[in-house]
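Student: Sharing a structure below in structure tokens format, with a few things to ask.
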């Protein structure tokens, strides 16, 4: 029997995201204030207009780039994780096999701290916020390198991992 579960999780905005947006808005305001002065000078007028249009385009791109969602597709033990930027662009973050994981547990599990502090493990964040209570971590080996994925799986994905690898999945 084939198992297919798909889940989309929206990432919450961080203070870094808000800082980026505020910085872009401030830059646009500065250019808009300086534009009338520069428009009076014949050569700088067209350059100021191009800079203003460029900054507005930059702000637009920054605003849509902080709207992130993560898609988890669990198919017969294979988990594919994609990042969706502004509901337009998709980027593959990772894929793994549930049968080959080292551990899966909540971030409240005592083993999480050891894995999180290990600098040899590459961390992949595909969750609402790493500090949330319902965030799980999975440690797995891919191409002879260890990875740790932080994500928010629903009960169906958790159950799929537990059924395929019960000795390495800790859901409590």
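Here, each number is a calculation from the coordinates, and none is a lab measurement. A quick note: this is a predicted structure, and the numbers were derived from the prediction, not measured. In this analysis, Cβ positions are derived from the backbone assuming ideal geometry, glycine residues included, and neighbour counts consider all displayed protein chains.
Student: Rank 77, 160, 16 by mean-square fluctuation in a GNM of the chain with C-alpha springs under 10 angstrom and give only the top-ranked residue.
Tutor: 16
Student: If I model a spin label as a point 7 Å beyond the Cα along the Cα-Cβ vector, how far apart are those points for residue 97 and residue 171 in nm?
Tutor: In this crude spin-label approximation the distance works out to 2.3 nm.
Student: Sticking with this one: So which residue, out of 141, 79, 29, gets the largest mean-square fluctuation from a GNM of the chain using Cα contacts under 10 Å as springs?
Tutor: Among 141, 79, 29, the largest GNM mean-square fluctuation belongs to 29.
Student: Further question on the same structure: Identify which of the listed values of Rg/Rh (Cα atoms, Kirkwood Rh) was calculated from the structure shown: [x] 1.18; [y] 1.00; [z] 0.95.
Tutor: After the calculation, the listed value that fits is [x].
Student: Given the C-alpha centroids of region 55-80 and region 122-172, what is the distance between them in whole angstrom?
Tutor: Rounded to whole Å, the Cα centres lie 19 Å apart.
Student: May I ask for the angle, rounded to the nearest 10°, between helix 15-39 and the longest principal axis of the chain, with both axes built from Cα atoms and the value confined to 0 to 90°?
Tutor: 10
Student: Top mean-square fluctuation among 19, 136, 151, Gaussian network model of the chain, C-alpha springs under 10 Å?
Tutor: 19
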